Amino acid sequence: MKNKQLLAVAVAAAMSAQAQAQQEPNAQEEAKLDMVQVVGQATAGMNNLITSQQLENAQVNDMTDIFALNPQVSAGGAVALSQKLYVRNVGEDMLNVTVDGAAQSGGVFHHAGRVVIEPELLKQVEVEAGAGSATAGLGALGGAVRFVTKDPEDLLRGNETAGGMIKSSYFSNGESLKTSAMVYGSDSKGKFSGLANIVHSDFNDREDGAGNEIVGSESENLVGFFKGVVNITDQQKLSVSYETLNQEGDMLYKPEWIPTDGNQLAKTEANRETFIANYNLNVDSDLVNLSVNAYQSTVEQLRGDNGEVDGSVETTGLTIENVSVFGSNKLIYGLNYREDESQLVESGTPLDPENGEVFGLYVQDIISVTDRLTVTTGLRFDDYSLTDLVGQKLTSDGLSPNLSANYAITPEFSVSAGYAEAMRGATVADAYKVYATEEWGAGYVNDPDLKEERSKNMEIAAEYNSGPISASIGVYDSTIEDPIGTVSPELKHETNVNGPDIETTGYFLKGGFEQGGLSVTAGFNSAESEQNGLQVLRHTHGSKGTSIGDTLVVDVNYQLNSAWTLGWTGQMVSSLDAGHYAFTWAGAPAGETDVEKEGYSTHDIYARWSPMIDDTLVVNLTVKNMLDENYLNHASPEDLTELYVNTSGQNDPGRDIRLSVAYKF
């Protein structure tokens with residue numbers, strides 16, 4: 001049963017306004033957002049922003065760290081390569097995840113995560129939880145996550161035309177080091193600007209809260225990021241970026257699971273290479289604010305002493321969007337296009353690839369009906385095509401409408417409600433399943449009558465903002481119809497079929513209090529996701545979904561003066577009784593067990609010292625998991641070792657003292 005005491009704490013926190021409102025409201029107002037933002041928690045658009053300052057305070061190093069302040073988002077896996085992203089229990093396969101507009105659309109290996117990102121490069125992270133705006137992009141059944149990297153103009157101070165930064169970080173858990181060097185600059189007229197950033201880290205195996213080694217958590221990482229910006233005219237801007245990320249180490253072959261005789265360490269290499277071009281035209285007309293985003297991204301994982309198993313997914317895409325403002329309308333409309341190719345190379349021999357294509361048109365209108373009433377409505381049309389590994393062609397298309405509204409009862413208090421749909425057709429499988437040989441047969445097959453997936457999301461919320469106090473509460477109900485999956489997740493050779501609906505119901509509380517240098521925020525989320533009467537598990541649903549216990553996050557931040565900032569962050573996750581499961585293997589009963597997830601609480605403290613003007617020198621000290629809690633993250637694979645000797649995630653890292661020094665010049 002879910003922990004009722006945690007719920008009581010969350011309600012008390014919200015009622016005292018010590019719940020998380022929109023993260024750092026002032027920062028939201030100043031930041032340029034990639035996502036559509038509409039007033040109201042239940043309206044279509046962005047509902048959470050993670051700022052660069054929050055990332056710096058926590059000294060984030062992986063996906064779990066990035067989303068630690070958002071109880072609606074989880075990333076599970078003690079090893080970075082194994083971390084999978086979940087929004088309100090819906091997994092990354094059903095989210096639209098982008099880096100500067102480049103889709104992270106294909107998973108390479110089902111026992112690893114698909115999103116690879118270096119936090120040092122990030123300016124901000126934007127989250128839209130649940131199906132919502134038509135602008136959320138292709139296949140956003142459970143919402144969208146957009147990672148936004150830094151621009152040169154974000155780094156230049158005052159009248160500077162050139163600068164740089166050197167940063168070094170130490171991690172006590174594993175006694176590891178990370179170093180980054182960045183240079184940036186522009187011409188005197190601000191027409192041309194650019195930045196180059198190199199990040200190198202060398203991580204040793206870490207330990208969990210009980211002192212046990214997290215096997216395969218060591219890696220050496222090298223990241224290169226280059227961005228150039230040209231202000232062609234006062235009305236036109238072009239930016240081009242290139243990112244290369246390499247991660248190498250002796251990792252478990254299936255990094256999301258514990259080490260066993262069947263899951264040994266293997267030489268592993270993971271790479272991502274991404275080219276992105278963005279163009280913006282903003283003329284002296286309310287009718288034209290045009291943006292074009294084009295990208296090509298390749299994600300690859302190699303395993304074996306000589307890279308005997310090499311899987312990759314190559315994605316090429318284009319988004320064209322325009323914003324027109326007229327009367328009381330803000331009309332956003334455009335198109336998305338994406339091609340994916342998933343391929344496996346065995347011992348140097350390329351196998352036949354799988355190819356997918358999707359085209360989408362969308363329109364979203366934000367209407368200021370009165371000073372108190374805002375209505376937003378939109379529509380998407382998407383057309384999917386897949387030629388799978390056995391040459392079978394699957395096609396699907398459909399419309400996805402949305403409608404939401406926010407009404408201000410008073411200047412301080414408003415209510416909002418929304419309904420949205422999203423659809424996704426069949427897409428390429430992860431590369432490690434794309435094989436069809438006489439010896440092994442086919443890695444998987446698709447039901448020839450496979451239909452598209454469709455999500456339907458309803459949400460109602462109320463929000464209060466008055467001076468230093470803000471609070472909100474909301475409920476949501478989401479159904480994913482005809483989800484594409486396998487009848488038995490344990491089978492090696494699987495058939496993709498449309499399964500029973502996945503239904504998620506939940507609610508959230510958030511708010512905030514700010515006074516002087518003190519900021520107190522917290523957020524609470526409770527969600528339950530079921531299919532066929534059983535709660536969704538990472539073991540059975542992988543990158544499509546999991547179940548997380550009630551989650552409360554509290555952050556207290558105090559700026560003592562211009563030089564010193566201190567803070568504490570606490571995360572409390574209640575225990576979860578998922579139910580009784582009867583598993584099968586190769587079509588035969590494999591046993592029955594009760595699946596339970598133990599609750600846990602972690603506490604972090606941080607201090608920031610900036611003794612010089614313009615943050616010339618910044619020293620950050622963060623203690624993660626201060627009390628050395630030993631726990632299995634709810635977003636990690638469940639402990640099923642009672643039935644399967646190898647099926648469990650490893651516990652998350654224990655106490656980690658992180659010290660970083662950054663110097664700008």
Members of the stretch 627-665 that are open to solvent by 60 Å² or more (accessible area, probe 1.4 Å) and either out of contact with any Ser or Thr (no Cβ under 9 Å at 6 or more places or on another chain) or not β-branched (Val, Ile, Thr) (or both) | Leu627, Asn630, Asp639, Glu642, Arg655, Leu659, Tyr663, Phe665
Since Pro589 meets every condition but one in (1) more than 30 Å from Glu213 (Cα to Cα); (2) surrounded by 15 or more Cβ atoms within 10 Å (Cβ to Cβ); (3) not aliphatic (A, V, I, L, M), which condition does it not meet?
-> (2)
Is one or more of the residues making up the stretch 379-388 crowded, with 17+ Cβ neighbours inside 10 Å, touching a residue at least 60 places away in the same chain (Cβ under 8 Å) and over 28 Å from the mean Cα position of the chain (by Cα)?
-> no
Any residue in the stretch 76-83 that is over 27 Å from Leu195 (Cα atoms), in contact with a His (Cβ under 8 Å, 6 or more places away or on another chain) and not in a strand (DSSP E or B)?
-> yes
Can you name every residue in the stretch 389-415 that is hydroxyl-bearing (Ser, Thr, Tyr) and over 25 Å from the mean Cα position of the chain (by Cα)?
-> Thr395, Ser396, Tyr407, Thr410, Ser414
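Looking at this structure, is Ala131 of a type in the set (Gly, Ala, Ser), more than 21 Å from Thr540 (Cβ to Cβ), touching a Gly at 6+ places or on another chain (Cβ under 8 Å) and touching a residue at least 40 places away in the same chain (Cβ under 8 Å)?
Numbers: of a type in the set (Gly, Ala, Ser): yes; more than 21 Å from Thr540 (Cβ to Cβ): yes; touching a Gly at 6+ places or on another chain (Cβ under 8 Å): yes; touching a residue at least 40 places away in the same chain (Cβ under 8 Å): yes.
Considered against the rule, which asks whether it is of a type in the set (Gly, Ala, Ser), more than 21 Å from Thr540 (Cβ to Cβ), touching a Gly at 6+ places or on another chain (Cβ under 8 Å) and touching a residue at least 40 places away in the same chain (Cβ under 8 Å), Ala131 comes out as yes.
In this structure, is Leu386 under 30 Å from Val309 (Cβ atoms), at pLDDT below 95 and of a type in the set (A, V, I, L, M, F, W, C)?
On the way: under 30 Å from Val309 (Cβ atoms): yes; at pLDDT below 95: no; of a type in the set (A, V, I, L, M, F, W, C): yes.
Here the answer is no, as Leu386 does not meet what is asked.
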Since Gly142 meets every condition but one in (1) open to solvent by 10 Å² or more (accessible area, probe 1.4 Å); (2) touching a residue at least 60 places away in the same chain (Cβ under 8 Å), which condition does it not meet?
-> (1)
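Output the residues belonging to the stretch 545-586 that are of a type outside the set (A, V, I, L, M, F, W, C) and open to solvent by 40 Å² or more (accessible area, probe 1.4 Å).
At the first step, the residues of the stretch 545-586 found to be of a type outside the set (A, V, I, L, M, F, W, C) are 545-547, 549-551, 555, 557-559, 561-562, 565, 567, 569-571, 574-575, 577, 579-581, 584.
Listed by number, the residues that qualify are Tyr558, Gln559, Asn561, Ser562, Gln571, Ser575, Asp577, His580, Thr584.
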Options Gly249, Gly216, Gly228; residue that is in contact with a strand residue (DSSP E or B) (Cβ under 8 Å, 6 or more places away or on another chain), in a strand (DSSP E or B) and open to solvent by less than 20 Å² (accessible area, probe 1.4 Å) | Gly249
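The rows are residues; the columns are (1) more than 30 Å from Glu269 (Cα to Cα); (2) of a type in the set (D, E, K, R); (3) touching a helix residue (DSSP H, G or I) at 6+ places or on another chain (Cβ under 6 Å).
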site	(1), (2), (3)
Thr298	no, no, no
Leu302	no, no, no
Gly311	no, no, yes
Gly360	yes, no, no
Ser368	yes, no, no
Leu373	yes, no, no
Has the stretch 494-517 got at least one residue that is part of a strand (DSSP E or B), closer than 27 Å to Gly139 by Cα, open to solvent by less than 50 Å² (accessible area, probe 1.4 Å) and among the acidic types (Asp, Glu)?
-> yes
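Condition check ((1) under 19 Å from Asn246 (Cβ atoms); (2) at pLDDT below 95; (3) touching a helix residue (DSSP H, G or I) at 6+ places or on another chain (Cβ under 7 Å); (4) not polar (S, T, N, Q)) across all residues:
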{"site": "Thr161", "(1), (2), (3), (4)": "no, yes, no, no"}
{"site": "Lys191", "(1), (2), (3), (4)": "no, yes, no, yes"}
{"site": "Asn212", "(1), (2), (3), (4)": "no, no, no, no"}
{"site": "Leu222", "(1), (2), (3), (4)": "yes, no, no, yes"}
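The values are calculated or read from the model by the stated rules, or taken from the named source; none is laboratory data. Worth saying up front: this structure is predicted, and the values here are computed from it rather than measured. Reconstructed Cβ throughout: ideal geometry from the backbone, glycine too, with neighbour counts over all protein chains shown. For accessibility, only protein heavy atoms count, side chains too; no ligands or nucleic acids. Shrake-Rupley method; radii C 1.70, N 1.55, O 1.52, S 1.80 Å.
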